[in-house]
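Readers should treat all values here as calculations from the given coordinates under stated rules, not as data from a laboratory. Here the structure is a predicted model, which means the values were calculated and not measured. Methodologically, a virtual Cβ is constructed for each residue, glycine included, from the backbone with ideal geometry; neighbour enumeration extends over all protein chains shown.
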Amino acid sequence: MEEFMLPCLNKSLTGVDCFGCGGQRALLMIFKAEFTQAFFMFPAIYPILALLAFLIVNLFVKFRYDFQIKIALIIFSGAVMLISYLIKMNTYFQLTQ
């Protein structure tokens, strides 16, 4: 499956990771049952999977506050992506100096 992964266009053009870098590899690690490594590869994988699971369940089962839950999961996933990206870039720039 690894030979079918899409390369990151941002990283190939600029050499710098994007917000989603590591997502495909983390999903592959989950399929291989390497859960801790998946988290360290891309910390937002679990909030994104929780959002995806909620969206699929919400297609069939309607909840009272489903819109607010969706918004909260989206904001949480985005926040985890942003924080992990800032930590990754801080580490990257410290290593290059």
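Calculated mean residue ellipticity, 222 nm, the chain: -23000 deg cm²/dmol, from DSSP H runs (n ≥ 4) at -39500 (n - 2.57) each, averaged per residue and rounded to 500. Helices in the chain that qualify as membrane-span-like (whole DSSP H runs, Cα extent of at least 27 Å along the helix axis, mean Kyte-Doolittle hydropathy of 0.0 or higher) are 66-96.
Shown for S77, S12: other C-beta atoms within 10 Å of each C-beta, ranked fewest to most, produce the order S12, S77.
Taking P(r) over Cα pairs in 10 Å bins from 0, in percent as calculated from this structure, the corresponding entry among [x] 14, 37, 33, 12, 3, 0; [y] 14, 33, 26, 15, 9, 3, 0; [z] 15, 36, 22, 15, 9, 3, 1 is [x].
Under a Cβ-Cβ cut-off of 12 Å, what is the net charge of the residues other than E2 that fall near it, where Lys and Arg count +1 and Asp and Glu count -1?
Working: positive: R25, K32; negative: E3.
Net charge in that neighbourhood comes out at +1.
Across the chain, the relative contact order, built from alpha-carbon pairs under 8 Å that are at least six residues apart, equals 24 percent. Within the listed set A53, A26, A44, the residue fluctuating most in the Gaussian network model of the chain (springs between alpha-carbon atoms under 10 angstrom) is A53.
Could you name the lysines whose alpha carbon sits less than 25 Å from that of K88, not counting residues in the same chain fewer than 8 places away? Reachable lysines: K11, K32. Along the chain, the longest continuous region that contains none of the trypsin sites (Lys or Arg not before Pro) in a DSSP loop with at most 11 other C-beta atoms within 10 Å is 65-97.
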